[in-house]
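FYI, it's all coordinate maths here, none of it is from the lab. From a predicted model like this one, the values you see are computed outputs, not experimental measurements. Because the Cβ atoms are built from the backbone with ideal geometry, glycine has one as well, and the counts that use them run over all protein chains shown.
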């Protein structure tokens, strides 16, 4: 399972300036390792659109079906959230919460190392 460190959730980089912020898709941005499409490579990525996000479980799924294990979020992004009166949960309001949908790793066919 790919792991993403120093991550943040960013608005769609291709959205027009005329699109309402609440209609823009959210994407993970951070340092990725163990990606199945790019084996052996590590680097900064911006994912496809988030379709499911659960910070409590440390998991996120994108439109392409890739499930990411969330490492430590970007400290500057967390500071910006706090200064803006936001939390990870309410910033990602437009992304379905995995816990609410009762989705689990078994549903995706993924398992955490050794589990």
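General remarks:
- Antiparallel DSSP beta bridges within region 3-102, as percent of all bridges there, nearest 5: 85
- Region 3-102 shape via C-alpha gyration tensor axes, a/c threshold 1.5: rounded
- Gain on full stretching of the segment that runs from residue 48 to residue 83 - 0.36 nm per residue minus C-alpha separation: 9.9 nm
- Over region 3-102, relative contact order from alpha-carbon pairs under 8 Å, at least 6 apart, %: 28
- In terms of other Cβ atoms within 10 Å, 16, 72, 66 run from fewest to most in the order 16, 72, 66.
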